[in-house]
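In what follows, a single structure is set out as structure tokens and then discussed.
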Amino acid sequence: MSIETNEEFRPKIVAFCCNWCSYAGADLAGSSRLAYPADVKIIRVPCSCRVNPMFILRAFEKGADGVILCGCHPGDCHYSTGNFYARRRMTLLFSMLDYIGVENGRTRVEWVSAAEGVKFSQTMNEFVEKIHSLGKNVRLGDLRCKN
Amino acid sequence: MQELINRAKELLESGEVARVLGWKAGDLPYNPEPAYFEKAEDLKDFVYNGFCGANLSKYMIEASKLEGKTMVCLKPCDTYSFNQLIKEHRVDREKAYIVGVGCKGKLDIEKAKKLGIKGIESVSGAEMTDDCDTLTFQTIYGEKSVAYADVMLERCHVCKGKEHQVYDEIIGESKDTKDAERFAEVEKIEAMSPEEKFAYFQSELSKCIRCNACRNVCPACSCRKCVFDSTKFDSAQKANVDSFEEKMFHVIRAFHVAGRCTDCGECSRVCPQGIPLHLFNRKFIKDINEFYGEYQAGEDTDSRAPLTNYTFEDVEPSIVTERG
């Protein structure tokens, strides 16, 4: 006999937002009353390049179902070049995650400026929908089958 | 080998170098170990043969802090690591007298054991003198011969070439032993489905005992303070610090050396569990070559590493999903 739960899957999504563009973009989305799912938990970082690849792995290990990194558009970084480095790092990390067989749709990078409240809410809606279709993340928490 | 010993003796006696970094015989005929020789008479223990796979570049980080010059024996592929360490200001070129030693491929005793060779008493044909065609093992069950190439280390099948990248003098002949495609294995895994990939890596990585050998041997892993060391206890380095690092160890380790890894293959060579760790490093190298242009770490000492560089037109991370 099993206890069947009828709970709807609510994904946990972590969004790293850079302080200068995307966090302000999220603010704008809020003040313009644009809806985005409450599953998105925003973590403010000084710059997108502050995000160490380990942050992303750690988020997955702690039970996140999707991780999205938002930063200023390339060329618009508050610190001039931070997001260029972030872009290279994330490309390699995502490719590695794909290589070890973790669905690559669970990670994403999006450039959102402070004026793009609409883009922020759209991106988040899309991303949450995508994670909904992928379901719960089990693989990244279990890479060495030692849980 | 005698030429190498004579030269080392000469340098030690003239006082030009304070010590020699090479290999000495181990307790078995096939496990020579890295060693320092400070006196000319100690050199009687010096060996150099096909089993001397160890990359001595990493020892130069410590040797650079010692008084006087060190004569170091580097094989062609080791010189890439040395160059990379110069670039990162981890070794002092002035403190090293680099003798480029000849290399005709290094041997993997595990491969011989897999071929059913047991009870080895002595080995002949591993001296780097002639053509290195066959290897003869004297075992307690009799004599056994195998083709040299069949027991060569994986990294030697994708040899980077016989040219030393940095040296003061060269002793001995080298041979390019490349006979396989460098990224063939990586491509094979890339072609698998996500389930197959995951199952493959899970089965490989679950063998890991976290002995940290791959980290300790890696010339690129030269941080004084490593994220994998416990902050609380010095003695607890080998215990897993927490479950996160335990699980993600291999991905993080590979990422930390991405763009700096010369693909020297030491990680796979020393792994007591035989995990093909080079597959992680090579994936990063392949991606870097594809996305940011061909790059071989350690080829020079002044170019910028791919992860400390950028261009405005770099590919977006979404390429990973788009290329399927």
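The values are calculated or read from the model by the stated rules, or taken from the named source; none is laboratory data. All figures in this text were calculated on a predicted structure; none of them were measured in a lab. Cβ placement follows ideal geometry from the backbone for every residue including glycine, while neighbour counts extend to all protein chains displayed.
Among the residues of region A:101-132, just one is under 30 Å from residue B:187 (Cβ atoms) and without any contact (Cβ under 8 Å) to a residue 12 or more places away in the chain, namely A:104.
The listed residues are A:65, A:98, and the only one of them that is closer than 30 Å to residue B:195 by Cβ, acidic (Asp, Glu) and touching a Lys or Arg at 6+ places or on another chain (Cβ under 6 Å) turns out to be A:65. Screening region A:80-94 for residues that are among the hydroxyl-bearing types (Ser, Thr, Tyr) and within 16 Å of residue A:46 (Cβ to Cβ) and picking the one that is farthest from the chain's Cα centre (by Cα) gives A:80. Residue pairs whose Cβ atoms lie under 8 Å apart, separated by 6 or more positions or on different chains, with the first residue in region B:144-170 and free of Cβ contacts under 8 Å to residues at least 40 places away in the same chain and the second assigned to a strand (DSSP E or B) and loosely packed, with under 15 Cβ neighbours inside 10 Å, are B:144/B:136; B:145/B:134; B:145/B:136; B:146/B:134; B:147/B:134. Taking the listed residues B:225, B:207, the one that is modelled with pLDDT of 65 or more, more than 20 Å from the chain's Cα centre (by Cα), of a type outside the set (S, T, N, Q) and more than 27 Å from residue B:84 (Cα to Cα) is B:207, with no other qualifying. Residues in region B:70-96 that are closer than 23 Å to residue B:1 by Cα and in contact with a Lys or Arg (Cβ under 6 Å, 6 or more places away or on another chain): B:70, B:76, B:77.
The set of residues from region A:18-36 being buried (at least 16 other Cβ atoms within 10 Å of the Cβ), among the hydrophobic types (A, V, I, L, M, F, W, C) and either free of Cβ contacts under 8 Å to residues at least 60 places away in the same chain or assigned to a loop (DSSP other than H, G, I, E, B) (or both) comprises A:20, A:21, A:34.
Considering region B:189-223, the residues that are assigned to a helix (DSSP H, G or I) and charged (D, E, K, R) include one that is nearest to the other protein chains (Cβ to nearest Cβ), namely B:197.
Restricting attention to region B:246-258 and to residues that are touching a helix residue (DSSP H, G or I) at 6+ places or on another chain (Cβ under 7 Å) and part of a helix (DSSP H, G or I), the residue that is modelled with the lowest pLDDT turns out to be B:247. For a quick check of your reading of the model, give me the residue pairs whose first member lies in region B:85-99 and is hydroxyl-bearing (Ser, Thr, Tyr), whose second is in a helix (DSSP H, G or I) and buried (at least 16 other Cβ atoms within 10 Å of the Cβ), with beta-carbon atoms closer than 7 Å and at least 6 apart or on different chains. Short answer, once both residue conditions are applied: B:97/B:11. Of the strands (runs of 3 or more DSSP E) contained entirely in region A:37-147, those carrying at least 2 residues that are in contact with a Cys (Cβ under 8 Å, 6 or more places away or on another chain) and away from chain B (no Cβ under 13 Å) fall at A:40-45.
Tell me yes or no: at least one residue of region A:68-76 is within 30 Å of residue B:205 (Cβ to Cβ) and of a type in the set (A, V, I, L, M).
Yes, some residue in region A:68-76 is within 30 Å of residue B:205 (Cβ to Cβ) and of a type in the set (A, V, I, L, M).
Scanning region B:130-149 for residues that are over 16 Å from residue B:53 (Cα atoms) and not in a strand (DSSP E or B) yields a count of 5.
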